Amino acid sequence: MMYSPADLLFTGGPVLTMDSARTRATSLAVRDGRILAVGHDEVKELAGPRTEVVDLRGRPLLPGFQDAHIHAVAGGVELGQCDLTGTTDPREYLRRIRAYADANPGLEWIVGGGWSMESFDGGVPTRDLLDAVVPDRPVYLVNRDHHGAWVNSRALELAGITAATPDPEHGRIERDADGSPRGMLQEGAIALVTGHIPEPTEREYLAGLLRAQELLHGLGITAWQDAMLAGTDGYPDHSGAYLAAARDGLLTASVVGALWWTRGRGAEQIPDLLERRERLTHGRLRCDTVKIMQDGIAENFTAAMTGPYLDACGCATANSGISFVEPGALREYVASLDALDFQVHFHALGDRAVREALDAVQAAREANGWRDTRPHLAHLQVVHPQDVPRFRELGATANIQPLWAAHEPQMDELTIPFLGPERASWQYPFGDLLRAGATLAAGSDWPISSPDPLQGVHVAVNRVVHGHGEKPFLPEQALDLTAALAAYTAGSAHVNRLDDTGSLRPGHRADLVVLDRDPFAGPAEAVGDTRVALTYVDGTRVHAAPDA
């Protein structure tokens with residue numbers, strides 16, 4: 001073998017390539033940030049006097065994980081705010097809120113989030129609970145799904161929200177019997193308050209990004225798609241933090257930024273998107289994707305369904321959710337974006353939204369022919385069986401968030417009863433999509449749920465949250481371990497159009513992760529015990545666990 005010596009050599013453990021041509025090896029060599037060779041003992045011959053040799057000690061080497069749908073800057077910023085994650089106890093929420101307010105007396109607003117809808121009757125908390133712990137300053141706390149916000153009376157007062165305030169077009173103000181706002185804002189109603197909250201500075205956004213990057217590298221993530229570079233519709237714009245990090249060499253991950261489609265505008269915003277694509281593409285940052293949020297979420301009845309939601313008695317209501325973009329216009333917009341080589345990233349959670357998004361992809365195919373734009377639909381909570389085969393037929397990737405496909409109170413109490421048994425059985429059909437030939441990519445939607453890919457893999461394989469003993473959720477939709485890992489590696493690399501990543505083959509970038517154990521060697525229910533030991537980007541180590 002006539003190769004120059006390797007810079008880096010991994011040997012002594014399974015090399016899980018995620019490459020169908022050669023699924024397993026035992027050694028891998030890296031030179032100049034690229035994979036030089038994959039194989040067995042013959043690869044060891046590439047070691048030279050300056051080669052760094054990593055003894056895997058039986059631990060597996062995989063391609064670096066990629067998250068196909070995440071809000072990294074938001075997650076990093078929230079890590080420094082009032083954090084309500086990790087509990088569902090309302091008393092603990094209030095204790096943390098009071099403690100945070102006491103520890104930060106100079107803050108004009110108390111901002112944070114992470115609370116669960118299951119903690120409150122009907123998923124709706126009230127302002128009086130917040131008033132009791134923070135009466136003198138406005139409080140704004142997004143829920144775990146980030147589709148609703150809990151606010152106190154002072155925040156409502158500053159925003160001018162009263163019983164006379166009408167619901168915005170794409171949102172809802174939860175109200176008491178007399179029409180007074182209860183303290184819970186759904187979807188677009190959030191913007192009534194967010195416009196009054198002092199926006200974090202660019203320095204704070206950059207700090208949040210770097211905080212997030214460190215966390216994500218520690219979970220084996222080497223690339224991601226940020227699903228919301230917004231600045232409109234009540235959402236902040238994080239693009240400046242990404243661009244600054246890319247220009248200053250601080251961005252070690254490869255990032256695709258999804259530019260936000262403003263709901264209140266039409267095709268006239270496309271020139272702005274073209275300008276942003278050009279301006280925001282630099283180094284490891286590429287912003288050639290457009291995010292269209294087509295509906296809301298099932299728990300607050302804003303996910304767009306083909307049939308009406310049920311009420312608490314099991315009777316049909318007059319509500320079947322919200323399509324944020326009129327379906328005919330959606331088809332026109334997506335065809336125009338596709339013609340300009342934009343990838344379209346849909347938020348499509350209800351079965352009507354999924355159908356509308358697929359119809360839009362079909363319209364783009366008919367108008368432009370097949371272009372390598374790789375459209376993808378994220379979330380896919382409810383997919384009508386008739387639409388499952390359309391993913392393969394249209395070349396639309398199914399972007400799954402596996403952690404949500406499990407029995408938990410939010411599913412069992414706030415979703416299933418209001419969908420009805422047949423529609424509830426269509427939820428998170430990962431197995432059906434794979435069997436129908438769809439390409440699967442995977443993401444976390446962090447900070448809505450954990451960014452840990454291995455916890456997502458655990459649920460995808462077991463349909464049970466790791467550490468919980470409840471019965472599996474629709475177990476016929478489980479993935480095998482190889483398919484679940486492929487979704488977080490090769491599948492997400494396909495969506496991110498990072499074609500020299502996602503699998504371990506010569507010439508590919510050396511974006512790598514070493515796990516602390518081989519998840520194939522133990523029972524499926526132990527997959528979630530696996531942790532990341534080492535993470536490399538372009539052959540450079542960016543994370544090492546203390547015991548690595």
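Things worth noting here:
- Residue in the range 317-339 that is farthest from Asn300 (Cα to Cα), counting only those that are over 25 Å from the mean Cα position of the chain (by Cα) and assigned to a helix (DSSP H, G or I): Ala339
- Number of positions in the range 221-248 that are more than 30 Å from Gln186 (Cα to Cα) and either touching a helix residue (DSSP H, G or I) at 6+ places or on another chain (Cβ under 8 Å) or in contact (Cβ under 8 Å) with a residue 24 or more places away in the chain (or both): 8
- Filter result for Ala68 (buried (at least 23 other Cβ atoms within 10 Å of the Cβ), assigned to a strand (DSSP E or B) and within 33 Å of the chain's Cα centre (by Cα)): yes
- A single entry from Leu310, Leu340, Leu349 fulfils the requirement of being surrounded by 24 or more Cβ atoms within 10 Å (Cβ to Cβ) and either under 24 Å from Gly257 (Cα atoms) or not assigned by TED's automatic domain parsing to the domain that holds Ser116 (or both): Leu349.
- Qualifying residue in the range 297-312 (condition: among the β-branched types (Val, Ile, Thr) and more than 27 Å from His494 (Cα to Cα)): yes
- Residues within the range 391-419 that are assigned to a helix (DSSP H, G or I) and either touching a residue at least 60 places away in the same chain (Cβ under 8 Å) or among the aliphatic types (A, V, I, L, M) (or both), tallied: 12
- Any chance Leu192 is closer than 24 Å to Ile322 by Cβ and touching a strand residue (DSSP E or B) at 6+ places or on another chain (Cβ under 6 Å): no
- Leading residue by the ranking (surrounded by the most Cβ atoms within 10 Å (Cβ to Cβ)) among those in the range 522-548 that are touching a strand residue (DSSP E or B) at 6+ places or on another chain (Cβ under 9 Å) and closer than 22 Å to Ala478 by Cα: Thr530
- Matching entry among Leu141, Leu130 (being crowded, with 16+ Cβ neighbours inside 10 Å and assigned to a strand (DSSP E or B)): Leu141
- Subset tally (residues that are at positive phi and surrounded by fewer than 23 Cβ atoms within 10 Å (Cβ to Cβ)) for the range 452-481: 2
- Counted residues, the range 465-493 - those being touching a strand residue (DSSP E or B) at 6+ places or on another chain (Cβ under 7 Å) and part of a loop (DSSP other than H, G, I, E, B): 1
- Leading residue by the ranking (farthest from the chain's Cα centre (by Cα)) among those in the range 1-17 that are crowded, with 21+ Cβ neighbours inside 10 Å and among the hydrophobic types (A, V, I, L, M, F, W, C): Ala6
- Tally, over the range 100-118, of residues that are part of a helix (DSSP H, G or I) and at pLDDT 90 or above: 4
The values are calculated or read from the model by the stated rules, or taken from the named source; none is laboratory data. None of these values were measured; they are calculated from a predicted model. Because the Cβ atoms are built from the backbone with ideal geometry, glycine has one as well, and the counts that use them run over all protein chains shown.
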